[in-house]
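Report on the structure given below.
The values are calculated or read from the model by the stated rules, or taken from the named source; none is laboratory data. The model shown is predicted, which means the values in this text are computed figures rather than measured ones. With ideal geometry, Cβ positions are generated from the backbone for all residues, glycine too; neighbour counts draw on all protein chains shown.
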Amino acid sequence: MKIQPSVRYSHTLLSQLVQSGDTVVDATVGKGNDTEFLSQLVGENGKVYGFDVQAEAINYTKQRLDDKNLSSNVTLFNTGHENIAKLVDGSINAAIFNLGYLPGSNKDIITKPDTTLTAIKSCLDKLEVNGIVVLVLYYGHDGGPQEKDAVIQYAQCLDQKAFSVMQYQFINQVHCPPILLAIQKNSN
């Protein structure tokens, strides 16, 4: 077995917990990789809600899903993930965040601590017991270290009776290797 990079490990975690018929959130749609993966996991009876502030990301992902006949169980919102509580009905079984900026796009448009923390809190409030929120933190850009610190500090303070929090990161790699946080809900 080879140790998986953070993004691949995020999919490993999700594939072990997300089932057909589940409701899940892609809080940062980006190029649609996670949205596509989640759509396949939940199947035609499940639901994926995707969020991104950039119309370019939403349009790219919509086309990607249409090309693969995966759009029937996905609803995309061209708005920030801080609006999850307003736009996602009912409970969720999982959520994924890739924090930072859209690769190959404007690096001035980044996720930010205040809206990200609002979104995480919304997901945790909606999360079913044994559900998981997975966050991949990219922090090698301006504003990235502040968001990373805020998210980790928040996660460290979660009640251990209610949540289990894991941090996963390569520590001998250069250039700010991504950090994965996995938050699983233990109880309501």
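At a glance:
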item	result
So residue 84, is it of a type outside the set (Lys, Arg), within 22 Å of residue 117 (Cβ to Cβ), part of a helix (DSSP H, G or I) and out of contact with any Pro (no Cβ under 6 Å at 6 or more places or on another chain)	yes
Members of the range 63-119 found to be touching a residue at least 60 places away in the same chain (Cβ under 8 Å), crowded, with 21+ Cβ neighbours inside 10 Å and more than 15 Å from the chain's Cα centre (by Cα), listed by number	none
Yes/no for residue 129 being surrounded by fewer than 22 Cβ atoms within 10 Å (Cβ to Cβ), under 19 Å from residue 48 (Cα atoms), aliphatic (A, V, I, L, M) and out of contact with any Pro (no Cβ under 8 Å at 6 or more places or on another chain)	yes
Selection within the range 61-81 - assigned to a helix (DSSP H, G or I) and either touching a strand residue (DSSP E or B) at 6+ places or on another chain (Cβ under 8 Å) or closer than 21 Å to residue 107 by Cβ (or both)	61, 62, 65, 73, 81
Candidate set from the range 1-34 (those that are among the hydroxyl-bearing types (Ser, Thr, Tyr) and buried (at least 24 other Cβ atoms within 10 Å of the Cβ)); member that is nearest to residue 129 (Cα to Cα)	10
Residue in the range 40-52 that is surrounded by fewer than 21 Cβ atoms within 10 Å (Cβ to Cβ), without any contact (Cβ under 8 Å) to a residue 60 or more places away in the chain and part of a helix (DSSP H, G or I) present	yes
Among (1) within 18 Å of residue 111 (Cβ to Cβ); (2) in a helix (DSSP H, G or I); (3) under 13 Å from the mean Cα position of the chain (by Cα), the one test that residue 58 misses	(3)
Criterion (at positive phi and either aliphatic (A, V, I, L, M) or at pLDDT 95 or above (or both)) met by exactly one of 69, 33, 73, 78	69
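Each row is one residue, and each column tells you yes or no for (1) farther than 25 Å from residue 21 by Cβ; (2) touching a helix residue (DSSP H, G or I) at 6+ places or on another chain (Cβ under 8 Å).
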{"residue": "95", "(1), (2)": "no, yes"}
{"residue": "117", "(1), (2)": "yes, yes"}
{"residue": "147", "(1), (2)": "yes, yes"}
{"residue": "163", "(1), (2)": "no, yes"}
{"residue": "186", "(1), (2)": "no, no"}
